[in-house]
1. For peptide B:154-167, what's the mean number of Cβ atoms from other chains within 10 Å of each residue's Cβ?
2. Tell me, what is the Rg over Rh of the range A:73-235, with Rh the Kirkwood radius over Cα pairs?
3. Within the set A:66/A:216; A:101/A:218; A:66/A:104; A:79/B:188; A:66/B:191, which residue pairs have Cα atoms separated by over 19 Å?
4. In nm, to one decimal, how far is the modelled label at residue A:149 from the one at residue A:107, with both set 7 Å along Cα→Cβ?
5. Leaving ligands, DNA and RNA out of it, report the carbon-plus-sulfur percent of the accessible area of the protein assembly as shown at a 1.4 Å probe.
6. Which residues of the range A:178-197 bury at least 20 Å² of accessible area once all protein chains are present, versus their chain alone (1.4 Å probe)?
7. So what is the accessible area of the protein assembly as shown per residue, in Å², with the probe set to 1.4 Å?
Amino acid sequence: MSFIDTLGGLAKSAYGFLSGKGIANSLARTAILGYALNRTISNANKANEQPDPGTEVLIDPDTEYKIPVVYGSAYITGKITDAVMADNNTTMWLCLTLCEKTGKLIDDTQSVISFDEVYFNNFRLSFGSNGYSVDYIWDDSNNNSDVWANQIEVYPFNGGSTSPVYFTNETTGNTQNAYDIMPGWTSNHTMDNLVFCIVRINYNKFKKLTNIGEMKFKLTNTMSQPGDVLWDYMTNTRYGAGISQEIYKQ
Amino acid sequence: MANLDAYTSVRTALFVRIDVNEYRTTSSGSFAPQILTFSDYDTTFNINGYDYTPLGEFLTITPTTSELRPSSNSISISISGVPTDNVAEVLYSKIKGSPIKIYRGYFDVSTGTQIGSTEGRFFGSINNFSILDELDVTARFSTNIIEFECASSVDTLAQKLTGRKTNPQSQQRFYPNDLSMNRVPTLKGTKFKFGAQE
């Protein structure tokens, strides 16, 4: 008789004991079941205690993206030109370059580009009392939710890092320079004559905010009349034809 | 636009203005801005405070097609009878690229008075120039013909590329001290583990 036969005999005895109908047999079955359940829950808790691996976010700025010129009203997504992750990977700071700042109208007044609306993953954002922290998101049917309240901040700038502006429908807003908001920036990050936004997104997997999403802005330029537009585009030396004003007037 | 309804015949003249930013008369002289103004009219004529030297028959300007919309035609301007000593001025100055404007004026044939004001005929820049030697063997005298080839501003604009791109070179071409776009090339394709606990 080999040791295999001995082990087989023991197994049969144990099975016979567990499958018996006596109280002792029943208690033994309950104990084993309890032990198995305990092990299963313990393993599940261990899985829950694993550190959050986060979401892999691909930042893909484009070195060949030509910065557009906006006249009148337009929806624009812009391009990411800087990104910084902070606060133990839970905060993403983005710089979104939107368009060129345009010149003066024919009547010599400076054109102004305003930020009318902001969308995040096709939800329109509205802002809280400070004018730049999101309080509600709105869908196309005008339903709202505060699920992302204080999780996203949007700081608009019109013309450079030292030109913070308010959103059109807000009476307050950011007044800080962009380089005082964006981590790692200094006063040499001037963003001259650019319309752009600094965006802060907090990671929150319970609120399904785990990605940088897609942002879209509705911008309105006070330069919208054909004569003003033609004048600006023909004479601007940065993004236009650069014809001297003297020749253009002739 | 001059109203010519009341005239059975008129006389026209072309007035040329070349703005040379770096002009000098000798090879060692210093550059200075110079505005050259001349016309095929028979007397000196003043436009906007500048006297246009009458070259008469010495000046030849190739015809251009008149169109309602701006066209990209090029023209040639020939100035003949230039003394050899004066050729140096063209050679030593930086003529190429200089903006050129040609105006047309209408004049009453009988009185010689101008009808209306001068009108723009051609706006462009000098693409190239050439100098032709004209030798009269019997008279033992030589003169030169200077020919300017001019490209229309429309043609120049059609080839012009402007604007900024989202990269540091493009941004710093306009604003050399701005570092805002410096991280764009290194960020391209970068993956962040957003929310990853360490």
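The values are calculated or read from the model by the stated rules, or taken from the named source; none is laboratory data. Quick caveat, the model's predicted, so the values are computed rather than measured. Every residue, glycine as well, gets a Cβ built from its backbone with ideal geometry; the counts of neighbours run over all protein chains shown. Quick note on the areas: whole protein, heavy atoms, side chains included, nothing else; ligands and nucleic acids left out. Shrake-Rupley method; radii C 1.70, N 1.55, O 1.52, S 1.80 Å.
1. Average neighbour count from other chains, rounded to a whole number: 5.
2. Numbers: Rg = 16.3 Å, Rh = 16.5 Å.
Ratio value, two decimals: 0.99.
3. In this structure, A:66/A:104; A:66/B:191 exceed 19 Å between Cα atoms.
4. Calculated label separation equals 4.3 nm.
5. 51
6. Residues meeting the cut-off: A:188, A:189, A:191, A:192, A:194.
7. On the way: 24900 Å² over 448 residues.
That works out to 56 Å² per residue.
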